[in-house]
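Notes for the one structure printed next.
The values are calculated or read from the model by the stated rules, or taken from the named source; none is laboratory data. Remember, it's a predicted structure, so these values are computed and weren't measured experimentally. Quick reminder, even Gly has a Cβ in these numbers, built from the backbone with ideal geometry, and neighbours come from all protein chains shown.
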Amino acid sequence: MSQYPKLFQPLDLGFTTLKNRVLMGSMHTMLEDIPEGHERLAAFYAERARGQVGLIVTGGVAPNKAGLALPIGHPLNNEDEVWKHKVVTDAVHAEDGKICMQILHTGRYGYSEHNVSASDTKAPISPFPARGLTGEEVEQTIKDYVNCAELAQKANYDGVEIMGSEGYLINQFIVTKINRREDEWGGSYENRIKFPLEIVRRTREAVGPNFIIIYRLSMLDLVEGGSTWEEVVHLAKEIEKAGATIINTGIGWHEARVPTIGTIVPRGGFAWVTKRMMGEVSIPLIATNRINTPEVAEQVLADGCSDMISMARPFLADANFVTKAMAGKPAEINTCIACNQACLDHTFTLQVSSCIVNPRACHETMIGNPSIAPAAAPKKVAVVGAGPAGMAAASVAAERGHTVTLYEASDKLGGQFNMATVIPGKEEYQQTIRYYGVMLEKHGVTVHLNTKATADDLTGFDEVIIATGVTPRRLDFPGIDHEKVLDYADVLAAKKKVGKSVAIIGAGGIGFDVAEYLSHDFDHPSVSLSVDDYMKEWGVDQAYARGGALATNPQPLPSPREVYLLKRSKGKHGKDLGKTTGWIHRSSLAMKKVNMLAQCTYDKVDDAGLHITVAGEPRVLNVENVVVCAGQVPLNALSEKLTAAGVKVHVVGGALNAKELDAKRAIKEAWEVAIVM
């Protein structure tokens, strides 16, 4: 019997049956917008279909030019575009998969001077204002949606998902926050929801009964002036009447100030709102957001929260998520850690998406094509350092048939990721350590812990991969050796005691992590482990007393310390953090009342505290501890000796370049070496 009986139960839609309850949710990868991108997109989706996903939904496709997220994209609005999509559908159907195309009009969220919306408006996340559509243009836009769905049907998609959430155009018509129209498309709620209802109704008429129509319903706007719960239920019922096959859950507008998919969000943290909708409609409901393991997915279904589970980024992390779970091997799943570093951050900086823990994602035709192929000539390979890069290199090389020995100076696997796992909201990083540990054992890697490899130990290997990582950079100013002074490794790895007042030198990613760590009460579990605490902290009202479900008074847990976060440069703290997660870190520290000081010069440390000059003014911070988070330096004392001895050496990750703690680059470099050696 399956460990996950509900997850792998077929879902009968009447005219077709899905093989299981797993939906691969929509993700824009940028492959949609680049030359030859559809061929790469086909390989990407085909690999997931081969992995037995029940139903795939593509990234958003605009129904017209005004709906594009970027001016470089291509709407599906004429038959000349259909062949590109057939490349994708043919590849998925060849693997016995099913795929729907998402129809997405960005409205005021577009990055274009041609933005349109329900009314004249400007989104806080776009530099371009939007013009309100005329009545004739509203009618034409509905026709464009229908035309797009008909073209998707011609391209052999199994259905479409109509994107009605996340603050895009349809959402913009529904709420008075944006819709200030006085014609038949504005005013009363019945008028404001006429736009999505006409889209669904006319689409159903055009495509016939045997075509999947998913409607992505915003069940939780998380913005002021958002829909009330009664309005959401009313819309869901009307969407069902209009002809939708399935309703998918949308959580939060993109401009909402509540994190909805970051790693700080509890697993399955928003399933409660889908459960609230269960029984209000008779068509299947899909739960979504931060469901990243088969155990969580099964529990959401068992708890009666939904009929189906949407997981998007987990299929970047592992194309074989479903087949591994079906085989009773969940420990072999490469778990999504919700970091956003190589997926959403890439998309929002116009780079092709990938995955920090799986560099092959969206690069299937380029890295390990068509899969991880056996080595032509097996070699004896040593890997030094068992951080993320070292573990990745060792496991991939061993999977290809090389005889691999892994050396690690400490007593455990994981390297710098072990420090990340103790940061509140980053506990998921432990999953990467777990995954690679399982892979090392599965592929027969010999692991030597508590072993600092020497050049003599390594001269007998054909090739050596140096992945020894970094060590904290030491600053030099008076009092740097004072007992008050620690570095980030002292705090996060060695767990040295930190007093009730602390100054952190350095406001990069590590400084923010240490500030997050020190501003949480160690007597309580991280907020990321409790849905109720999380919702209180970020101001989400689970009682849904107001439109948008925002609480009147958020209740963040207080910091147990007075924390100062210092940086030398001018400007806002955290400006170089992740494109889609930086605001979360800044908001979290603001809730903890962390003091952020810029333009700091560090003068000395003594018994009185940390002496600094702030924008030319001297100041003494009377703190019990000073934690230095001022960068790193490489740890690599072996490559020159080994090269001189005639050993072929590869240096990857922090040992090659110590800038920040860049696991994305480190793991990618490890893969690139191991896949060709």
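Some points to look at:
- Set 658, 666: member being assigned to a helix (DSSP H, G or I) and touching a residue at least 24 places away in the same chain (Cβ under 8 Å): 666
- Residue 661 falls short on exactly one of the conditions (1) surrounded by 19 or more Cβ atoms within 10 Å (Cβ to Cβ); (2) modelled with pLDDT of 90 or more, and that condition is (2).
- For segment 186-206, a residue qualifies if it is β-branched (Val, Ile, Thr) and either surrounded by fewer than 20 Cβ atoms within 10 Å (Cβ to Cβ) or not in a helix (DSSP H, G or I) (or both), and exactly one does: 193.
- Residue 331 surrounded by 23 or more Cβ atoms within 10 Å (Cβ to Cβ) and within 24 Å of the chain's Cα centre (by Cα): no
- Selection from segment 630-652 of residues that are among the hydrophobic types (A, V, I, L, M, F, W, C) and not in a helix (DSSP H, G or I): 630, 633, 635, 637, 638, 645, 647, 649, 651, 652
- Set 182, 198: member being without any contact (Cβ under 8 Å) to a residue 12 or more places away in the chain and assigned by TED's automatic domain parsing to the domain that holds residue 248: 182
- Among the candidates 242, 271, residue that is at pLDDT 95 or above, more than 23 Å from residue 552 (Cα to Cα) and of a type in the set (Gly, Ala, Ser): 242
- Once segment 134-185 is narrowed to residues that are assigned to a loop (DSSP other than H, G, I, E, B) and of a type in the set (S, T, N, Q), the residue that is modelled with the lowest pLDDT is 176.
- Some residue of segment 617-630 being under 30 Å from residue 479 (Cβ atoms), modelled with pLDDT under 95 and of a type in the set (A, V, I, L, M): yes
- Matching residues in segment 24-52 - criterion: being β-branched (Val, Ile, Thr) and at positive phi: none
- When segment 483-499 is filtered for residues that are under 19 Å from residue 562 (Cβ atoms) and either surrounded by 14 or more Cβ atoms within 10 Å (Cβ to Cβ) or touching a strand residue (DSSP E or B) at 6+ places or on another chain (Cβ under 7 Å) (or both), the ones remaining, listed by number, are 484, 485, 486, 488, 491, 496, 498, 499.
- On inspection, residue 358 passes the criterion of being buried (at least 22 other Cβ atoms within 10 Å of the Cβ) and in contact (Cβ under 8 Å) with a residue 12 or more places away in the chain.
- Selected residue (criterion: surrounded by the most Cβ atoms within 10 Å (Cβ to Cβ)) from residues of segment 413-433 that are farther than 16 Å from residue 391 by Cβ and aliphatic (A, V, I, L, M): 423
- Checking 75, 63 one by one, the residue that is part of a loop (DSSP other than H, G, I, E, B), in the same structural domain as residue 156 (by TED's automatic domain parsing), in contact with an Asp or Glu (Cβ under 7 Å, 6 or more places away or on another chain) and crowded, with 17+ Cβ neighbours inside 10 Å is 63 and no other.
- Check on residue 323, modelled with pLDDT of 95 or more, part of a loop (DSSP other than H, G, I, E, B) and either surrounded by 17 or more Cβ atoms within 10 Å (Cβ to Cβ) or assigned by TED's automatic domain parsing to the domain that holds residue 55 (or both): no
- Selection from segment 487-511 of residues that are small (Gly, Ala, Ser), part of a loop (DSSP other than H, G, I, E, B) and in contact (Cβ under 8 Å) with a residue 24 or more places away in the chain: 493, 499, 506, 507, 508
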